[in-house]
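Notes follow once the structure below has been shown.
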Amino acid sequence: MTRFIFALLSLAVALGGCQPEQHNPFADLRLLPPVTEADIPQDIYRNSWARLPAVRRADLDANGQRVYDMLTSPGNGYEDGLRGPLGMWMYSPELAESAWNLRQRVRYGTAKDQRLTELIIMATAREISNQYEYSAHEPYGRNAGLEEEIMDFVKYRRPMSDADSIAGMGDVEKMIVQFTREVVSAPKVSEETFKLAIELLGEEGVMDLTGLIGYYNFVAMTLKAFDVQRQPGSELLLPLANPR
C-alpha cells in the first residue's frame, strides 16, 4: 500500500510539473497591410460596411427620427449620416440615444483631458485586440498630443517594467495602462492598482475611468456582432498575433 501511495504522489508531482504552457495572446505581434476589397466579407452591406444596411430616417417612427436628427445634428461628426457602431445602434433608437449620452459623458464630459482619454481608449482597444477601434483612435491620440513612445508602448503591449523609460509616461499614465489591463484581462483590479487610481483620480475619476473602458468594450461588442468593417484603403494600425 505504501508503494502504491508513493507512486500516486510521484505521478501527481510529475503531472504538476508538466502543465501546458500558457498562451500569450500578445506574442509575435505584427502589422497588417491596408484593407483591400478582397478582405470585405460577402454579407457586408456597402452603405453601412456592416451586416445590416444603414438605417433610413424615412423608415423610422417619430421617436426614431428624433434620435436620428439629434445624432446627425451639426457638430456631432455625423452630419453626412450614421456609420460604424452608431449606425447599428440606430436599429434600437432608445439604446442609441442612451449610448450616445454615455459616450458624451465618458469621452468628453469628465475632468480628464483628451490626451488621457485617448490613452484609455487605445489601451482598451489594445487589450481586447480590436483593430477597428484602435485604428480609429490612434490618429485622435496623436492629435491630442499623446507621445509616439507611449502609443508604441500601448500598441505593442510592452511590459509595465519598461514604462519608466518612456518619455511622458508619468504616474497617471502608468496607472491608466495598468488599470485598463487589469480590469479587462484580470479577474479583478488589484488592491494596489485600485488604491493608486483613487489617490490619483479620486472616486468619481475612477468611476469615469471604468465607464470609459466599459463603453469602448460595448463599442467593440457591436463591431464584432455586426462585423463592422474598415473600408478598403484604410490603414490597420494595431499589430495582431493572429492576423487574418
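Among the residues making up region 9-44, those that are at pLDDT below 50 and part of a loop (DSSP other than H, G, I, E, B) are Gly17, Cys18, Gln19, Pro20, Glu21. Within region 77-124, the set of residues being touching a residue at least 12 places away in the same chain (Cβ under 8 Å), aromatic (Phe, Trp, Tyr), buried (at least 16 other Cβ atoms within 10 Å of the Cβ) and part of a loop (DSSP other than H, G, I, E, B) is empty.
Within region 45-76, which residues are touching a residue at least 12 places away in the same chain (Cβ under 8 Å), under 30 Å from Pro239 (Cβ atoms) and either buried (at least 16 other Cβ atoms within 10 Å of the Cβ) or aromatic (Phe, Trp, Tyr) (or both)? Those that are touching a residue at least 12 places away in the same chain (Cβ under 8 Å), under 30 Å from Pro239 (Cβ atoms) and either buried (at least 16 other Cβ atoms within 10 Å of the Cβ) or aromatic (Phe, Trp, Tyr) (or both): Ser48, Trp49, Ala50, Leu52.
This table checks each residue for (1) assigned to a helix (DSSP H, G or I); (2) within 17 Å of the chain's Cα centre (by Cα).
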residue	(1), (2)
Gly145	no, no
Ile150	yes, yes
Ser161	yes, no
Val172	yes, no
Glu203	yes, no
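The values are calculated or read from the model by the stated rules, or taken from the named source; none is laboratory data. Everything quoted here is computed from the prediction, not taken from an experiment. Every residue, glycine as well, gets a Cβ built from its backbone with ideal geometry; the counts of neighbours run over all protein chains shown.
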